[in-house]
Ligand code: C2E
Ligand code: CA
Ligand code: CA
């Protein structure tokens, strides 16, 4: 047993040091990354239910590192948050997403909302609203075309700053969605304190909505609560018809997920969902 313990310990050690080393490498690469060369936004459409009308698009960041290839945001965003690069990255994302929705809504005469993911850390940076305003001006868009997606998490501890930012965004007419609602740090007090427009019901709750009674009851309660407060609900990670059926049944407003579409490069989303509207 002793030998085995030792082996397991050695294995665990290698595993840890590989992880630490990878993280260290990504930190260095992130710091010197050329965003224009290595970053790209993918876009995932959002639909109303039961109508199935395209109502919005979420921008999702992709990093094609010259050295390491494709790295998922689930891996590099937390690192970027930790080392502070998220503020600059977020600026790049915001400009790119705003430029894109300006182009699409004008070219196709639409009023789609562009969902932009924002880390709480970005909101806390003093420059945020200034940047927001200057992009809106530069690309001449309606703030109503933007939906700011914020994940409830521990970084949301500076509540007075958060409240100011939410109010500033709402005053301009942008909408605010709470991402991953119903998991993790999820706290009902946010929807009471802040002027929130939409709850994004987290994928783990949607996964088993057909087979798991409690998950279905939780989603039902979220939808009812939101309705009572005049807040919209969108389900994320919808992959199957039976999930969609359940959500329609519960009165959820909107859906997003692989059932309709994966996140797509701009050209593909445009070809499939926008150019068809042109007579
Ligand atoms: P998120 O905001 O919750 O985004 C949804 C994630 O679920 C995306 O992963 C999307 O590709 C994936 N997804 C959508 N529909 C389905 C489905 O039906 N099935 C499955 N299995 N997955 C689905 P992605 O693109 O890897 O992004 C992961 C996370 O990284 C995002 O989670 C978000 O928290 C963060 N992120 C992505 N882009 C940005 C960004 O520009 N800024 C910030 N701050 N965070 C970002
Ligand atoms: Ca999101
Ligand atoms: Ca989410």
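What follows draws every value from the coordinates through simple rules; no lab data is involved. Please read these numbers as outputs of a predicted model, since none were measured by experiment. So basically every Cβ, Gly included, is an ideal-geometry build from the backbone, and we count neighbours across all protein chains shown.
Counting each DSSP H run of 4 or more residues in the chain as -39500 (n - 2.57), what helix-only mean residue ellipticity at 222 nm follows after dividing by all residues, to the nearest 500 deg cm²/dmol?
Helix-only estimate at 222 nm: -15000 deg cm²/dmol.
Can you run the Rg to Rh ratio on the range 229-279? Use alpha carbon positions and the Kirkwood inverse-distance Rh.
Dividing the radius of gyration by the Kirkwood radius yields 1.08.
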Bins of 10 Å from zero: percent of alpha-carbon pairs in the range 1-143: 10, 32, 28, 16, 8, 4, 2, 0
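Any idea what the alpha-carbon Rg over 2.2 N^0.38 Å comes to for the range 112-234?
On the way: Rg = 15.2 Å, N = 123, 2.2 N^0.38 = 13.7 Å.
Normalised Cα radius of gyration, the range 112-234: 1.11.
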Inverting the mean 1/r over all pairs of different Cα atoms, compute the Kirkwood radius of the chain and quote it in Å. 20.3 Å
Using the Cα atoms of the range 192-242, I'd like the radius of gyration and the largest Cα-Cα distance, Dmax, both in angstrom. 11.5, 35
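From the square roots a ≥ b ≥ c of the eigenvalues of the alpha-carbon gyration tensor of the range 63-177, which class results: rounded (a/c under 1.5), prolate (a/b over b/c), or oblate?
Numbers: a/c = 2.01, a/b = 1.15, b/c = 1.75.
Oblate is the answer for the range 63-177, as a/c is 1.5 or above yet b/c matches or exceeds a/b.
Take 223, 255, 87 and order them by how many other Cβ atoms sit within 10 Å, fewest up front. Before the final figure, lay out the partial values.
On the way: 223 21, 255 26, 87 17.
With the sparsest Cβ surroundings first, the list reads 87, 223, 255.
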Checked the range 181-279 against the a/c 1.5 cut and the a/b vs b/c comparison, axes a ≥ b ≥ c from its Cα gyration tensor; verdict prolate
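Out of the DSSP beta bridges found with both residues in the chain, what percent are antiparallel (nearest 5)?
Details: 16 of 39 bridges.
Restricted to the chain, the bridges split so that about 40 percent are antiparallel.
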